[in-house]
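Asker: Below are the structure tokens for one structure; questions will follow.
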Amino acid sequence: MSKKPRGTESSDFVHHFEGASTLDGLLELAGSPYDTEAVLALMKEAHADGASSSELIPQLFEGPPRFPSPDVARLMYQNLLGLWDLVAEGKGVRLEDEGPRPPRPKREKAPAPSPFAPGEPDAAFVEAASRHLEEDVRARERLTHLFDNRQDPLLGALDGAGLTDEGYAVARYLLFELFAMLELGWPAGVATVPPGALATAPTPDAPPVPAALATYAEDALFEAEHDEEHPLVPEELAPVRNLVTRGLAALWQARKKG
């Protein structure tokens, strides 16, 4: 095992590989799909190609690493850099003291919910779709790109609505989630919403928005209003709610015919 100070940084941060069982648990906590054995193989390949640890380590995660505390983050990076040092120094790495390690169970991602078309989503669908978007990084990225491209006029109108950065972020992400849920549940897809949709209330003959989606939006706004770090102030909540309500109505009305 390797243990050495990291340059001029704080003396309590040391490169120290504590073993596969420790690093496996830390990687899983942080959301990496790899275990220590796979990381070691990637490190050997990267080092042989002349890459640095700072180039490789971010690639061990599908998105930003998740840590329950700064101490866990520090411990994981200490172990990863300690393992990298062993590889760089050409030292052998013994992952297990005895016997083979049992296979690491794969983390199951929440599957996409079954479409609700030709009906409308209920609370169970909305919950399943929300969990799927949270857990399936690739699905979320695909739908994010689709939202950015197809709903560019809507986003342009939202950008010009005069919201603060916090208000814009809340409205934008909530409209993305609602769009993504509709895309998941309506196979024909959702057409581009005209930018004027955010400036006017839905017409009386517009199809009513499903209660499950309206409730989800209202719950999300309530959470934003009571966020501990960046709460949405009351004077900002009203225009954000108005824009989200109109945006949801426009998205629901923009469903394509199957």
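Asker: Within the bounds of region 119-137, is there any residue that is in a loop (DSSP other than H, G, I, E, B) and either more than 22 Å from Ala214 (Cα to Cα) or of a type in the set (A, V, I, L, M, F, W, C) (or both)?
Answerer: Taking region 119-137 and keeping what is in a loop (DSSP other than H, G, I, E, B), we get 119-122, 136.
From what's left, either more than 22 Å from Ala214 (Cα to Cα) or of a type in the set (A, V, I, L, M, F, W, C) (or both): 136.
Yes - at least one qualifying residue is present in region 119-137.
Asker: Sort out which residues of region 191-216 are within 15 Å of Leu243 (Cα to Cα), part of a loop (DSSP other than H, G, I, E, B) and within 25 Å of the chain's Cα centre (by Cα), and write them in order of number.
Answerer: Val193
Asker: Could you list, in sequence order, the residues of region 175-190 that are hydrophobic (A, V, I, L, M, F, W, C) and either touching a helix residue (DSSP H, G or I) at 6+ places or on another chain (Cβ under 9 Å) or assigned to a helix (DSSP H, G or I) (or both)? Give the steps one after another, and end with the answer.
Answerer: Let us first name the residues in region 175-190 that are hydrophobic (A, V, I, L, M, F, W, C), namely 175-176, 178-182, 184, 186, 188, 190.
Of everything in region 175-190, those that are hydrophobic (A, V, I, L, M, F, W, C) and either touching a helix residue (DSSP H, G or I) at 6+ places or on another chain (Cβ under 9 Å) or assigned to a helix (DSSP H, G or I) (or both) turn out to be Leu175, Phe176, Leu178, Phe179, Ala180, Met181, Leu182, Leu184, Val190.
Asker: Within region 103-115, is there a residue that is of a type in the set (S, T, N, Q) and at pLDDT 95 or above? Spell out the reasoning first.
Answerer: Filtering region 103-115 for residues of a type in the set (S, T, N, Q) gives 114.
Subsequent filtering for residues that are at pLDDT 95 or above retains 114.
Yes, because at least one residue in region 103-115 is of a type in the set (S, T, N, Q) and at pLDDT 95 or above.
Asker: For region 187-207, which positions are within 25 Å of Pro118 (Cα to Cα) and either surrounded by 12 or more Cβ atoms within 10 Å (Cβ to Cβ) or modelled with pLDDT of 90 or more (or both)?
Answerer: Pro187, Ala188, Gly189, Val190, Ala191, Thr192, Val193, Pro194, Ala197, Pro202, Ala206
The values are calculated or read from the model by the stated rules, or taken from the named source; none is laboratory data. Here the structure is a predicted model, which means the values were calculated and not measured. Note: ideal-geometry Cβ built from the backbone for every residue, glycine included; neighbour counts use all protein chains shown.
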